[in-house]
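Engineer: Attaching a single structure in structure tokens format; questions to follow.
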Amino acid sequence: MDNNIRVRFAPSPTGYLHIGGSRTALFNWLFARHNQGTFVLRIEDTDIERSSQASEGTIVSSLKWLGLDWDEGPDIGGEFGPYRQCERLAIYNEYAKKLIKQGSAYYCYCLEEELEERRMQALSEKRTPGYDGRCRNLSTKEQEQLKASGREPSIRFHVPDEIPAVIIQDDVRGQVVFQPDTIKDFVIVRSNGVASYNFAVVIDDSLMKITHVIRGEDHLSNTPKQILIYQALGLCLPYFAHLPLMLGEDGSRLSKRHGATSTEAFKEMGYLPEAMVNYLALRGWAEGEGINRELYTACDLIDCFSIEGVSRSAAIFDMQKLTWMNGIYIRQLPIDELTQLCLPYMEQAGYLDEKINDIAWFGRVVELLQERLEKLSDIVDMARYFFTADFVLNEEAMSVMDADGTRDVLAGFAELLKNGAEQITKEECSEKIKAVGKELGVKGKGLFIPIRVALAGCVHGPDLPIIISILGRDECLKRMSR
């Protein structure tokens, strides 16, 4: 494949970046990087009422968090800009006038309420809704009268009465055929002068020399309309590849009822971008038949990604699998890096005392808990007892504290701690616990669990001697006294 490949990711800035959109961006980026091509970021903001700069900023931030970079875009410019559709309206109008002049488009003066009334009538008569073409052949005088009445026209594409089936050669789905009777005249420029999606995307992709349009399967139904526009303007068609939809575990389209769906939300929950990229790449793509590999770096993915590996089947978003994978990536992080990543979560939870400012001390906490973390945000609950003794014991922990011998174990261990140094090592802790057990004739759970509950408020947890060494002598004595 030559190195003139150009792909684009074109989000609408009407909210957060959906995780399905992130996968689309990733597949485009991988395809471009694998083929030494160009990756373009274009902002499709023709939905003026809902688009915002804040949403655009969040989308850009999410893409950068994932580690995706682009060669051309609104923030860095490029040869084929501008890269925001709102800045390209004059270009669209120029092409719309060209279509009108050649008879491939016309002014439509129908009001929204009239169109809706006809749509409902068609449904009631069990007919397929679609524009009936009544404004196709208006005379100049009729157009002037309608405009004088206050009607602002839209511009509709004139779908020829006699057209063959529209055939799409899709690089993922194979040959897809749309029958001509399913395509009615459609709006390409709204009455407010803003180009519709189907029109703007054709002009942009053509002028920006996009060679491959890789997007979600939900856009497949738009493709025949776009092909008709390409053909009417005499423009070269790009290759099309429609990615399978991202579904929830119940088989329905991934939405808020399945939990988090925005890339920003996963970032806030403490998923690592490396894990997210790895996971998303495997939602609808596989390296090859019989290859069961699950862990890929971004460089690995660039090396082996191909459109041929994209599945036609819907991709299931499995939160448990993502969390499992994220845990693997967390356990691979150097402690210093993981400590810095965990800090904001502790600060947000209100732990802004002298302990959190002691990075070396907090690093010991993180190192102790690293094997148990699945998300960065887990650090808050797991490390809570290192910052406060104000924990509430559950029923299981209370039964330990009420058991015979618990007070003797705590008193004996406290006595040994008093006679030791303020900073106590893991090895010294182990020796003192064993000494208490030997003196009282207690071992196993009857020895370790009372101490753990008194110090950490829980029955289960990481290595007790390390907990004691991190808390320090004075804090342990205070908690056991309580």
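Engineer: Just to be sure before I move on: is P11 more than 30 Å from R134 (Cβ to Cβ) and open to solvent by less than 20 Å² (accessible area, probe 1.4 Å) in the structure I sent?
Structural biologist: Against the criterion (more than 30 Å from R134 (Cβ to Cβ) and open to solvent by less than 20 Å² (accessible area, probe 1.4 Å)), P11 qualifies.
Engineer: Name the one entry in I379, I356, I424 that is of a type in the set (V, I, T) and not in a helix (DSSP H, G or I).
Structural biologist: Result of the check over I379, I356, I424: I424.
Engineer: Moving to a separate point now. Among what's in the range 194-218 and is of a type in the set (G, A, S) and surrounded by 22 or more Cβ atoms within 10 Å (Cβ to Cβ), pick the residue that is farthest from I100 (Cα to Cα).
Structural biologist: Applying the filter and picking the extreme gives A200.
Engineer: Given the criteria surrounded by fewer than 18 Cβ atoms within 10 Å (Cβ to Cβ) and not hydroxyl-bearing (S, T, Y), does Q370 qualify?
Structural biologist: Judged against the criteria, Q370 is not a match.
Engineer: Considering only residues that are more than 20 Å from P462 (Cα to Cα) and modelled with pLDDT of 85 or more, which ones fall in the range 418-436?
Structural biologist: K418, A435, V436
Engineer: Can you name the residue in the range 429-465 that is acidic (D, E) and over 27 Å from I379 (Cβ atoms) and is also nearest to the chain's Cα centre (by Cα) among such residues?
Structural biologist: Step by step, filter the range 429-465, then rank; the result is E431.
Engineer: Separate question: Please go through (1) over 17 Å from L243 (Cα atoms); (2) among the β-branched types (V, I, T); (3) touching a Gly at 6+ places or on another chain (Cβ under 8 Å) for V310 and return the number of the only condition it doesn't satisfy.
Structural biologist: Status for V310: all satisfied but (1).
Engineer: Going through S191, S221 one at a time, which residue ends up being among the hydroxyl-bearing types (S, T, Y), assigned to a loop (DSSP other than H, G, I, E, B) and open to solvent by 60 Å² or more (accessible area, probe 1.4 Å)?
Structural biologist: S191
Engineer: If you don't mind, another one. Could you tell me which numbered condition K418 fails, if it satisfies all but one of (1) in contact with a Lys or Arg (Cβ under 9 Å, 6 or more places away or on another chain); (2) of a type outside the set (G, A, S); (3) open to solvent by less than 70 Å² (accessible area, probe 1.4 Å); (4) farther than 30 Å from L338 by Cβ?
Structural biologist: (3)
Engineer: Every residue in the range 276-316 that is of a type in the set (S, T, N, Q), open to solvent by 70 Å² or more (accessible area, probe 1.4 Å) and touching a residue at least 24 places away in the same chain (Cβ under 8 Å), please.
Structural biologist: Correct list: S313 only.
Engineer: Still on this model: With respect to the numbered conditions (1) modelled with pLDDT under 95; (2) open to solvent by less than 70 Å² (accessible area, probe 1.4 Å), which one is the sole condition not fulfilled by S149?
Structural biologist: Only one criterion is unmet by S149, namely (2).
Engineer: While we're here: Take the range 453-472 and flag every residue that is without any contact (Cβ under 8 Å) to a residue 40 or more places away in the chain and either open to solvent by less than 30 Å² (accessible area, probe 1.4 Å) or in contact with a His (Cβ under 6 Å, 6 or more places away or on another chain) (or both).
Structural biologist: Scanning the range 453-472 gives G461, L464, P465.
Engineer: State whether the residues of the range 351-365 include one that is under 20 Å from L464 (Cβ atoms), buried (at least 16 other Cβ atoms within 10 Å of the Cβ), among the aliphatic types (A, V, I, L, M) and out of contact with any strand residue (DSSP E or B) (no Cβ under 8 Å at 6 or more places or on another chain).
Structural biologist: Yes: one or more hits.
Engineer: Now a separate question. If I filter the range 227-248 for residues that are crowded, with 17+ Cβ neighbours inside 10 Å and closer than 20 Å to D69 by Cα, do I get at least one hit?
Structural biologist: no
Engineer: Now for a different question. Within the bounds of the range 41-48, is there any residue that is in contact (Cβ under 8 Å) with a residue 24 or more places away in the chain, acidic (D, E), surrounded by fewer than 16 Cβ atoms within 10 Å (Cβ to Cβ) and in contact with a strand residue (DSSP E or B) (Cβ under 9 Å, 6 or more places away or on another chain)?
Structural biologist: no
Engineer: With (1) part of a helix (DSSP H, G or I); (2) without any contact (Cβ under 8 Å) to a residue 40 or more places away in the chain; (3) surrounded by 14 or more Cβ atoms within 10 Å (Cβ to Cβ) as the list, and M398 as the residue in question, which single condition is left unmet?
Structural biologist: Failed condition: (3).
Engineer: Return the total of residues in the range 126-146 being loosely packed, with under 11 Cβ neighbours inside 10 Å, more than 16 Å from S104 (Cβ to Cβ) and either hydrophobic (A, V, I, L, M, F, W, C) or at pLDDT 90 or above (or both).
Structural biologist: Total satisfying the criteria: 3.
Engineer: Only residues in the range 69-81 that are within 19 Å of A200 (Cα to Cα) count as the first member; pair them with residues that are at pLDDT 95 or above and assigned to a strand (DSSP E or B), Cβ under 6 angstrom, at least 6 apart or cross-chain, and list the lot.
Structural biologist: E72/V40; G73/L41; P74/I43; P74/R84; G78/E72
Engineer: Here are the criteria: (1) part of a helix (DSSP H, G or I); (2) within 39 Å of the chain's Cα centre (by Cα). Tell me which single one L393 does not satisfy.
Structural biologist: For L393, the exception is condition (1).
Engineer: Ok, one more. For the condition under 30 Å from A389 (Cβ atoms), of a type outside the set (V, I, T) and in contact (Cβ under 8 Å) with a residue 60 or more places away in the chain, what is the one hit in M346, M319, M269, M246?
Structural biologist: M269
Engineer: Here's another thing I want to ask about it. So which residues in the range 152-179 are open to solvent by 20 Å² or more (accessible area, probe 1.4 Å), closer than 23 Å to N28 by Cα and hydrophobic (A, V, I, L, M, F, W, C), if there are any at all?
Structural biologist: V176
Engineer: When the range 374-387 is examined, which residues are found to be open to solvent by less than 40 Å² (accessible area, probe 1.4 Å) and over 20 Å from Y329 (Cα atoms)?
Structural biologist: Once the filter is applied, which keeps residues that are open to solvent by less than 40 Å² (accessible area, probe 1.4 Å) and over 20 Å from Y329 (Cα atoms), the range 374-387 yields Y385, F386, F387.
Engineer: Looking only at residues in the range 14-39 that are outside any helix (DSSP H, G or I) and closer than 18 Å to L243 by Cα, which one is most open to solvent (accessible area, probe 1.4 Å)?
Structural biologist: In this case the residue turns out to be H18.
The values are calculated or read from the model by the stated rules, or taken from the named source; none is laboratory data. Please read these numbers as outputs of a predicted model, since none were measured by experiment. Virtual Cβ from ideal backbone geometry, glycine too; neighbours counted across all protein chains shown. Accessible surface is based on the protein model in full, side chains and every heavy atom, while ligands, DNA and RNA are left aside. Shrake-Rupley method; radii C 1.70, N 1.55, O 1.52, S 1.80 Å.
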